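The values are calculated or read from the model by the stated rules, or taken from the named source; none is laboratory data. Note that the coordinates shown come from a computational prediction; the quantities given were computed from them, not determined experimentally. Using ideal geometry, Cβ is built from the backbone for each residue, glycine included, and neighbour counts are taken over all protein chains shown. Remember, those area values only see protein heavy atoms, side chains included, never the ligands or the DNA or RNA. Shrake-Rupley method; radii C 1.70, N 1.55, O 1.52, S 1.80 Å.
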Amino acid sequence: MSFNSLGLSDALLKAITQKGYTTPSPIQQKAIPPILEGKDVLASAQTGTGKTAGFTLPILQILSQGKQLSHRPIRALILTPTRELAAQILANIKEYSEFLDLNSAVIFGGVNQKPQVAQLRQGVDILVATPGRLIDLQNQGLITLSKVEILVLDEADRMLDMGFLRDIERVMKVLPPKRQNLMFSATFSRDIKKLAMGILNHPVQVEATPENTTVDAIIQKVFPSAKEKKTELVIKLITEGDWKQILVFTRTKQGANKLTESMISAGIKAAAIHGNKGQGARTKALAGFKNGSITALVATDIAARGLDIPLLPHVINFELPNIPEDYVHRIGRTGRAGANGEAISLFSPDETVFLRDIEKLIGIKLPKEQIKGFEPDPNASTEPIKQGQGRPQRQSAPRKPKPEAGGRTSNNSFGPRRPSNNNDRRSSK
Ligand code: AMP
């Protein structure tokens, strides 16, 4: 299938060609036609599947064909959980709308609102927003949402995880009832289904059904290690392997800071990215990581969510996630766009339960390799880390596990490996 056959305008096709895309990704093939028909869509897709273009391209087409009002009220509103994702979506919109007369802007918290407000005053057709700042500006009477024709809830599951449900509900109240609704989510828990039922109107359901392949293209290894020796081990791996671009996951913000400091002391160019970092620092760290001036980016799960980091050769789980699905999200960062990648997990005895849950979810037993000198104490406790230390950024209560869930990581013809199961299998540990 070609972009031509999707019924997109010449202006959009020109922008797509300029971007270098030749074939629409599965989610684009499935989502674009019903969106162009004006239908509500409920899509199962994650970052990396091409979902952004999947909703952006048809929205641009609809808006460019519709009646343009001179004061340019907001006609499309895209809600997304993180600032980084919001900024990336806007960057994509700007590229795709290069040959169209449409204004777009982004608003998110953590930065001065003045420039955002000034931009809104000039007229914005498409607004990308994180829920908190949107509500904030709405409460101050600085934003009008009464002309919104299309609403997108992007990464809806993460928005709920991050405690944005109430904000989303508040936004719904000020939107015109007659509008087109699009919802994208990687997982479909009961909460997500409930949210979808409340917002979407007879939605067409689409799924970026990845071909179920095993995770052959990602080399996954588990290195057992004494807990207190993990920092030394990660530094050894990076320096001896002469690795140039590594995304390292820690479970906590403090852990990310501490590890970053140790890496810097060991001569590794490292930066941390997490919720306590200011927007400037986060943008700088990500830009440095992309341009090669930063070798190791140390991130928490939520901060890393939605980041578009192409062709990442190495992912290291400094600590295993207590939510098994996060493991799949993390390792999906390697080998993007079809390239091979390596995902290494440092595993200490107290993470025994986490590893067991991950292996159950992905349906494979991960190979263990013991590096000499880092052996854990055979008598060390295998008790998991206490609740509260596990996921400090999560604001809402973790979801209950669902025994029927299972699955494996998977690949699709477009690029990165993604989880194929839509079941919600969050651990309540
Ligand atoms: P997304 O899932 O929207 O974050 O997109 C992931 C990456 O795929 C981004 O770098 C996009 O620019 C890229 N992309 C989106 N659609 C296509 C396509 N049809 N062909 C090639 N790359 C694409």
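Observations
- Taking the numbered list (1) touching a strand residue (DSSP E or B) at 6+ places or on another chain (Cβ under 7 Å); (2) more than 12 Å from the ligand (Cβ to nearest atom) in turn, Thr49 passes all entries but (2).
- Residue identified as touching a residue at least 24 places away in the same chain (Cβ under 8 Å), part of a loop (DSSP other than H, G, I, E, B) and surrounded by fewer than 22 Cβ atoms within 10 Å (Cβ to Cβ) among Gln68, Gln88: Gln68
- Residues within the stretch 243-284 that are part of a helix (DSSP H, G or I) and either modelled with pLDDT of 90 or more or not small (Gly, Ala, Ser) (or both), tallied: 17
- Meets criteria (within 13 Å of the ligand (Cβ to nearest atom), modelled with pLDDT of 95 or more and either open to solvent by 50 Å² or more (accessible area, probe 1.4 Å) or in contact with a Gly (Cβ under 6 Å, 6 or more places away or on another chain) (or both)) for Glu95: yes
- Scanning the stretch 20-41 for residues that are open to solvent by 20 Å² or more (accessible area, probe 1.4 Å) and in contact with a helix residue (DSSP H, G or I) (Cβ under 6 Å, 6 or more places away or on another chain) yields a count of 1.
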